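Below is one structure; the comments refer to it alone.
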Amino acid sequence: MTMPAIRVRAVTKNYGALTALAGVDLEIEQGEFFGLLGPNGAGKTTLISALAGLVRPDSGVLEIMGHDVVSDYREARRNLGVVPQELVFDPFFSVRELLRIQSGYFGIRNNDDWIDEVLARLDLSHKAGANMRTLSGGMKRRVLVAQALVHRPPVIVLDEPTAGVDVELRQGLWQFVRELNRDGHTIVLTTHYLEEAETLCGRIAMLKAGKLVALDTTDNLLRRFATHSLRVNVEHTEVALALGGRANDDGWVEFDFDSYTEVEAVLARLREAGAGLREMALGEPDLERVFVELMHRV
Amino acid sequence: MSETQVHRPPSTAAVRRIQPMAADAPLTGFRTLLHKEVLRFFKVGFQTVGAPVLNALLFLLIFSHVLDRHVTVYGDVAYTRFLVPGLVMMAVLQNAFANSSSSLIQSKITGNIIFVLLPPLSYRAFYAAYVLAATLRGLFVGTGVLLVSMPFVEQSIANPLWVLVFALMGGGIMGSFGVIAGIWADKFDQLAAFQNFLIMPLTMLSGVFYSIRSLPQLWQDVSYFNPFFFMIDGFRYGFFGQSDASPWLSLGVVSACFVCLAALTLAMLARGYKLRS
């Protein structure tokens, strides 16, 4: 059994009366692509900040690659790269200067070969000499990713890296992060785009009010919590609703069930009741439904 | 996301071990932060070095024009000669404070302080880099003031070692003070209050422009409670071999101030005060 990339044990953090983390336990294995989800204020950023040493937990233990983030902070931080949520930059320096400086903070001099590779893979080579102030938002976001990678950390945390980012950049960024994961880097991702988490993450944890309310593989979560659905557009909505359907904002009616084998029976009941079927669509289980279900249930 | 292919992470058995890059030398982090802080003020050199030198030059021209023929100090020292070390030290102190305080508050407000907090830099390295960079800026500006005064004043330095010691100690004190202010202040307004209501009055009333012997006894006594007076007076002793207070007393007070402020700053950084919540 290999050592986990991240180990979080009984971690609590309070800000006055506000509980940000209420005893979180979590292990993330090396090489995982892990999703950390939850509504605003759930404690995701606090947990990431505690891993990064930016927040000091009131109690509990956090380890990166077996190194305690408090007592062995040097090794823990050398093993971790964090892409922060906010688009922050130092306006005094060019992209290359920033990356050299960031390498130096990690004790690495003469890091230009790796810096060139990261710049090329993030399509930033042509901007290496440009001052940060002159870059677009998307490019600044890529520089943040590059800064998190200058010391080639085995564990990379991305805190909502695609918030406000256009589709093209988002796709490019995910391709790059997938490559890093294939190379062996452990990726921890928080995002508000649940489709992203569903597509990318092998395992997902959901936080609510500082507590872990779900921790499982993405497939298991979809199987356990999400239902299949049939969406119908009918002439007589009231008839479909009387048969147990749920009205949607777009005027369609939705029926939930556990298996697609029940579709035929629902359609037969609609036909017999004279609902007047115009259009229909099948809904796949998705993470958004799991998320909504869990956030309302727990 | 338009793409439907689901990514599967590798099984644990298939995972390649990634090792972080090895650090080259234990002091590389400190040296990099020091280098970055020095680069930062050089990149805006007109503002951080040129402007304070010009300011001091204007003080020198105006005060020497008005007072040089009327005032001598320590018996036979012309007023302009007396004034120059005061202006040099004032530049050292104010610019050392400005460097560390402005760098930190800018980093905090823009959020880029995170790039210094995420790496494995110790709080001692953090302190040493910010304070040393602040001292270097103070010394650069002070040297600039001394150089531009040369066409106007023939100056000699009686004890260069005293000059250097007081310049370094003054820079260290004000660099530490700047770290405290930069970490404590949440907005530029609070930092400006620190600068305008504390640093500026204490500097102006420290004997930069006069010998405290010219003051009424009460104000002479009050001056002894101002640590800036000892920094200026000790520094001036290095130039003339004469001063208002004993240079050893000045050295003692300045050393004690430096030790206390360094200890306070290090304690704040070790706790992560306002940096790590």
> Among B:VAL145, B:VAL131, B:VAL165, which is surrounded by 20 or more Cβ atoms within 10 Å (Cβ to Cβ) and at pLDDT 95 or above?
Replying inline: B:VAL131
> In the range A:178-216, how many are touching a Leu at 6+ places or on another chain (Cβ under 8 Å) and of a type in the set (D, E, K, R)?
Replying inline: 6
>> Being in a helix (DSSP H, G or I) and crowded, with 18+ Cβ neighbours inside 10 Å is the filter here; which residues of the range A:171-194 pass it?
In response: A:LEU173, A:TRP174, A:VAL177, A:LEU180, A:ASN181, A:LEU194
>> Just the residues that are surrounded by fewer than 20 Cβ atoms within 10 Å (Cβ to Cβ) and assigned to a loop (DSSP other than H, G, I, E, B), please, taken from the range B:118-128.
In response: B:SER122
> Taking only pairs six or more apart or across chains, which ones have beta-carbon atoms under 6 Å, a first residue in the range A:1-12 that is within 9 Å of A:ILE64 (Cβ to Cβ), and a second residue that is polar (S, T, N, Q) and part of a strand (DSSP E or B)?
Replying inline: A:ALA5/A:THR186
> Tell me, which helices (runs of 4 or more DSSP H) wholly within the range B:185-277 include 1 or more residues that are over 22 Å from B:PRO85 (Cα atoms) and out of contact with any Pro (no Cβ under 7 Å at 6 or more places or on another chain)?
Replying inline: B:188-194, B:217-223, B:247-271
>> Let me confirm something: among B:LEU57, B:LEU33, which residue is at pLDDT 85 or above and either within 7 Å of chain A (Cβ to nearest Cβ) or under 30 Å from A:ARG109 (Cα atoms) (or both)?
In response: B:LEU33
> Can you name the residue in the range A:72-110 that is free of Cβ contacts under 8 Å to residues at least 40 places away in the same chain and polar (S, T, N, Q) and is also surrounded by the most Cβ atoms within 10 Å (Cβ to Cβ) among such residues?
Replying inline: A:SER94
>> Step by step: first the residues of the range A:119-138, then only those that are assigned to a helix (DSSP H, G or I), surrounded by 18 or more Cβ atoms within 10 Å (Cβ to Cβ) and of a type in the set (A, V, I, L, M), then the one that is modelled with the highest pLDDT. Which residue is that?
In response: A:LEU119
> Within the range A:79-113, which residues are more than 22 Å from the chain's Cα centre (by Cα) and facing chain B (nearest Cβ under 7 Å)?
Replying inline: A:PHE89, A:ASP90, A:PHE92, A:ILE101, A:GLN102, A:GLY104, A:TYR105, A:PHE106, A:GLY107, A:ILE108, A:ARG109
> Hey, does the range B:165-181 have a residue that's closer than 12 Å to B:MET89 by Cα and not in a helix (DSSP H, G or I)?
Replying inline: no
>> Quick check on the range A:102-125. Is at least one of its residues more than 27 Å from B:PHE126 (Cα to Cα) and touching a Ser or Thr at 6+ places or on another chain (Cβ under 9 Å)?
In response: yes
> Does A:LEU222 satisfy the condition of being within 30 Å of A:GLU29 (Cβ to Cβ) and not in a strand (DSSP E or B)?
Replying inline: yes
>> Quick check on A:VAL88: is it assigned by TED's automatic domain parsing to the domain that holds A:SER59, more than 27 Å from B:ALA25 (Cβ to Cβ) and β-branched (Val, Ile, Thr)?
In response: yes
> Do the conditions hold for A:ALA76, that is, is it of a type in the set (Gly, Ala, Ser), more than 7 Å from chain B (Cβ to nearest Cβ), in a helix (DSSP H, G or I) and over 24 Å from the mean Cα position of the chain (by Cα)?
Replying inline: no
> Which residues, taken from the range A:8-27, are under 21 Å from the mean Cα position of the chain (by Cα) and buried (at least 21 other Cβ atoms within 10 Å of the Cβ)?
Replying inline: A:VAL8, A:VAL11, A:ALA20, A:LEU21, A:VAL24
>> Name the residue that is nearest to the other protein chains (Cβ to nearest Cβ), counting only residues in the range B:94-138 that are hydrophobic (A, V, I, L, M, F, W, C) and within 18 Å of B:LYS187 (Cβ to Cβ).
In response: B:ILE113
> Restricting attention to the range A:229-249, does a residue exist that is outside any helix (DSSP H, G or I), touching a Pro at 6+ places or on another chain (Cβ under 9 Å) and surrounded by 15 or more Cβ atoms within 10 Å (Cβ to Cβ)?
Replying inline: yes
>> Can you say whether A:ALA197 is more than 8 Å from chain B (Cβ to nearest Cβ), assigned to a helix (DSSP H, G or I) and more than 22 Å from A:MET139 (Cβ to Cβ), as far as the supplied structure shows?
In response: yes
> Out of A:ALA163, A:ALA148, which single residue is surrounded by fewer than 20 Cβ atoms within 10 Å (Cβ to Cβ) and touching a residue at least 60 places away in the same chain (Cβ under 8 Å)?
Replying inline: A:ALA163
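For every residue, the table says whether it meets (1) more than 30 Å from A:LYS140 (Cα to Cα); (2) in contact (Cβ under 8 Å) with a residue 24 or more places away in the chain; (3) assigned by TED's automatic domain parsing to the domain that holds A:LYS13.
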residue	(1), (2), (3)
A:TYR193	no, yes, yes
A:MET206	no, yes, yes
A:LEU212	yes, yes, yes
A:LEU215	yes, yes, yes
A:VAL232	yes, yes, no
A:GLU235	yes, yes, no
A:GLU238	yes, no, no
A:ALA242	yes, yes, no
A:ASP249	yes, no, no
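The values are calculated or read from the model by the stated rules, or taken from the named source; none is laboratory data. Source: prediction; values computed, not measured. All Cβ positions, glycine included, derive from the backbone under ideal geometry; neighbour counts span all protein chains shown.
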